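> Mind looking over this structure? Questions follow.
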Amino acid sequence: MPTRYALIGSGHRAQMYLDAIAGPHADVAELVALLDINPTRREFHRDRHGAFADVVLAGPEQLEDVIRDQRVDRVIVTSVDRLHAEHVVRSLEAGADVVVEKPLTIDAPSARAIDDAIDRTGRRVVVTFNYRYSPRNTALKQVIASGEIGEVVSVTFEWVLDVQHGADYFRRWHREKTNSGGLFVHKAAHHFDLVNWWIADTPVRVYARGGLRFYGAEAAAERGRPPLPERGTHDGPHDPFELDLRSDERLEALYLEAEQHDGYQRDRSVFDAGITTEDNLTAIVDYAGGPVLTYALTAHSPWEGYRVAVGGTRGRAELEVVERAEVIAKDGPGHSAMHVDPSAVAVTAADAGARQRGEHLVVQKHFEPAREVEIPDGVGGHGGGDALLLRDVFVGPTDDELGRPSDHRDGFRAISVGICGNESLATGGPVDVADFLGLDLGRGGHRAPASAASSSTGAVR
């Protein structure tokens, strides 16, 4: 019998899971309910697939009734980040397992509430980290796990979001830090999970700096930038930082036509007053086994991608990824967000400048020349990572020597850095992860040997 699913939070992120249920995993998964505060959004997703014609549509307040009446086995949580903990805990207590989009939650009290609910109910929670499955990230994991560069001593990780993708976080609900935990939690949870997984270690101390330096009314005024209209959806000329929802049929249907029900506006000005999410962040993270991570995130870069350098006792591995080489303003009635995230789709525009899209993994041992490691081609979102992740979610993980499948402990470890980073921003000092979170993050503070693939089994509790 197929596993019976309900999904709560039918915004943009829901589509990946719903397409998987209606498509490649229809033989093992059945959608029985869609829950959202907004009837237009849940109806939009129901109507996209004929297989969903008879699904129950309900509001979040009906979650427990839906789980009981529809005999739901698992709930997929893709709601606003600040609601993840509530929806996870309620689902567990109502008798369903949970698949939750990252981040698992946004602060220490809600993390403890999830942990308590898992202990109390014995139910399972899977946190989805598709970046682990991307071939380039897997290739770096394999290099580290092989022992070729020795024991890991340091990691330097810089992630830059461009002025198309990065700006989008400041148009929508993410702009208010209370909704998302800021980019330290919402976006960087992916990045911290990668580091935790790459080096098979647990973060123990965080010191962070950062602020709102580019977006927002104050920063814009300091640069002499004139304000934009409150919304990007309007007639007439458009600024490159505006988003006109009418330029994308999907965004128009999901958000512009849904505003009448909840008042949510998806196209706010990125130079408004009231934005509380930082656009520049740095952190120094100590790990239990000894390595130190130096991390930086910028949300207003002219190009998008990331650079990672892993220093070991025998050498060094360096990964550079250019996901979009430039953002070029185009004439037209309004900017389209169809390709906001260049890692999630194939961006076909030709590179025009000196920077070229691509990815390179270079390994160099002491007293040897550098060599480039071949990265297999991946097909689909996030370099093919989405499809591999969804197979593990819906079919079940196979034996994976790299430990890519993730459970709630991985989710806690991923958000621990950002949550403690936010506390460090507030206090100005370093934050002890275990003390502040009040959680057992597992792994006992011991790294896997350099020759081992991973200390994580990938098992789901």
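> Report, by residue number, each residue of region 24-59 that is closer than 18 Å to Pro2 by Cβ, of a type in the set (A, V, I, L, M, F, W, C) and part of a strand (DSSP E or B).
Ala29, Leu31, Val32, Ala33, Leu34, Val56
> Report every pair of residues separated by at least 6 positions or lying on different chains whose Cβ atoms are under 8 Å apart, first residue within region 356-376 and under 15 Å from Glu323 (Cα atoms) and in contact (Cβ under 8 Å) with a residue 60 or more places away in the chain, second among the small types (Gly, Ala, Ser) and surrounded by 10 or more Cβ atoms within 10 Å (Cβ to Cβ).
What qualifies is Leu361/Ala139; Leu361/Ala317; Ile375/Ala139.
> Looking only at region 245-270, count how many residues are in a loop (DSSP other than H, G, I, E, B) and within 24 Å of the chain's Cα centre (by Cα).
Step one: filter region 245-270 for residues in a loop (DSSP other than H, G, I, E, B), giving 248, 255, 263-267, 269-270.
After this cut, where a residue has to be within 24 Å of the chain's Cα centre (by Cα) as well, the list is 248, 255, 264-267, 269-270.
Matching residues across region 245-270 total 8.
> Turning to a different aspect of this structure: Hey, can you tell me all the residues within region 409-432 that are closer than 17 Å to Glu101 by Cα and of a type in the set (Ser, Thr, Tyr)?
Ser416, the sole residue that qualifies.
> Which one of the conditions (1) under 14 Å from Asn196 (Cβ atoms); (2) open to solvent by less than 30 Å² (accessible area, probe 1.4 Å) does Val292 fail to meet, given that it meets all the rest?
Here Val292 clears every test but (2).
> Let me ask something else about it. Could you identify the single residue in Arg82, Arg124 that is under 19 Å from Ser180 (Cα atoms) and among the charged types (D, E, K, R)? Spell out the reasoning first.
On the way: Arg124 fails: under 19 Å from Ser180 (Cα atoms).
Being under 19 Å from Ser180 (Cα atoms) and among the charged types (D, E, K, R) holds for just one of Arg82, Arg124, which is Arg82.
> Of Arg209, Arg250, which residue is farther than 30 Å from Phe44 by Cβ and either surrounded by 14 or more Cβ atoms within 10 Å (Cβ to Cβ) or not charged (D, E, K, R) (or both)? Step through it out loud before you land on a result.
Numbers: Arg250 fails: farther than 30 Å from Phe44 by Cβ.
The match here is Arg209.
> Just to verify a result, which residue in region 132-153, among those that are open to solvent by 10 Å² or more (accessible area, probe 1.4 Å) and among the polar types (S, T, N, Q), is farthest from Leu245 (Cα to Cα)?
So the residue we want is Ser146.
> Now a separate question. Criterion first (small (Gly, Ala, Ser), open to solvent by 60 Å² or more (accessible area, probe 1.4 Å) and at pLDDT 95 or above) does Ala188 satisfy it?
Values: small (Gly, Ala, Ser): yes; open to solvent by 60 Å² or more (accessible area, probe 1.4 Å): no; at pLDDT 95 or above: yes.
No, not satisfied.
> Now for a separate question. Looking only at residues that are small (Gly, Ala, Ser) and within 13 Å of Leu63 (Cα to Cα) in region 83-109, which one is surrounded by the fewest Cβ atoms within 10 Å (Cβ to Cβ)? Spell out how you get there, then give the answer.
Quick first cut of region 83-109, residues small (Gly, Ala, Ser) only: 85, 91, 94-96, 108.
Pick out the ones that are also within 13 Å of Leu63 (Cα to Cα) and you get 91, 94-96.
Working: Ser91: 29, Ala94: 17, Gly95: 14, Ala96: 25.
Here the answer is Gly95.
> Can I ask one more? Just name the residue that is least open to solvent (accessible area, probe 1.4 Å) out of those in region 394-440 that are at positive phi and free of Cβ contacts under 8 Å to residues at least 60 places away in the same chain.
First, pick out the residues of region 394-440 that are at positive phi: 396, 403, 428, 438.
With free of Cβ contacts under 8 Å to residues at least 60 places away in the same chain added as a condition, the list becomes 396, 428.
On the way: Gly396: 21, Gly428: 38 Å².
Across region 394-440, the extreme among qualifying residues is Gly396.
> Looking at region 154-167, can you tell me whether even one residue there is in contact with a Lys or Arg (Cβ under 9 Å, 6 or more places away or on another chain), in contact (Cβ under 8 Å) with a residue 60 or more places away in the chain, open to solvent by 40 Å² or more (accessible area, probe 1.4 Å) and more than 21 Å from Gly305 (Cα to Cα)?
Among the residues of region 154-167, not one is in contact with a Lys or Arg (Cβ under 9 Å, 6 or more places away or on another chain), in contact (Cβ under 8 Å) with a residue 60 or more places away in the chain, open to solvent by 40 Å² or more (accessible area, probe 1.4 Å) and more than 21 Å from Gly305 (Cα to Cα), which makes the answer no.
> Pick from Ile76, Ile144: which is over 30 Å from Glu30 (Cα atoms) and modelled with pLDDT of 95 or more? So that I can check it myself, show each step before the final result.
Numbers: Ile76 fails: over 30 Å from Glu30 (Cα atoms).
Result: Ile144 is the single residue among Ile76, Ile144 that is over 30 Å from Glu30 (Cα atoms) and modelled with pLDDT of 95 or more.
> For region 120-127, does any single residue satisfy the condition of being of a type in the set (S, T, N, Q), in contact with a helix residue (DSSP H, G or I) (Cβ under 6 Å, 6 or more places away or on another chain) and surrounded by fewer than 18 Cβ atoms within 10 Å (Cβ to Cβ)? Walk me through how you get there before you give the answer.
Taking region 120-127 first, the residues of a type in the set (S, T, N, Q) are 121.
If we keep only those that are in contact with a helix residue (DSSP H, G or I) (Cβ under 6 Å, 6 or more places away or on another chain) too, we end up with 121.
Imposing the further condition that a residue be surrounded by fewer than 18 Cβ atoms within 10 Å (Cβ to Cβ) reduces the set to 121.
Yes, region 120-127 contains at least one residue that is of a type in the set (S, T, N, Q), in contact with a helix residue (DSSP H, G or I) (Cβ under 6 Å, 6 or more places away or on another chain) and surrounded by fewer than 18 Cβ atoms within 10 Å (Cβ to Cβ).
> Can you name every residue in region 1-23 that is part of a helix (DSSP H, G or I) and either over 18 Å from His84 (Cα atoms) or open to solvent by less than 10 Å² (accessible area, probe 1.4 Å) (or both)? Step through it out loud before you land on a result.
The initial filter retains those residues of region 1-23 that are part of a helix (DSSP H, G or I), namely 14-22.
Answer for region 1-23, where residues must be part of a helix (DSSP H, G or I) and either over 18 Å from His84 (Cα atoms) or open to solvent by less than 10 Å² (accessible area, probe 1.4 Å) (or both): Ala14, Tyr17, Leu18, Asp19, Ala20, Ile21, Ala22.
> Given the criteria surrounded by 18 or more Cβ atoms within 10 Å (Cβ to Cβ), at pLDDT 95 or above and closer than 30 Å to Ala6 by Cα, does Val340 qualify? Give the derivation first.
Numbers: surrounded by 18 or more Cβ atoms within 10 Å (Cβ to Cβ): yes; at pLDDT 95 or above: no; closer than 30 Å to Ala6 by Cα: yes.
When the stated conditions are applied, Val340 does not pass them.
The values are calculated or read from the model by the stated rules, or taken from the named source; none is laboratory data. All of these numbers come straight from a predicted model, not from anything done at the bench. So basically every Cβ, Gly included, is an ideal-geometry build from the backbone, and we count neighbours across all protein chains shown. Areas reflect the complete protein model, heavy atoms only, side chains present, ligands, DNA and RNA absent. Shrake-Rupley method; radii C 1.70, N 1.55, O 1.52, S 1.80 Å.
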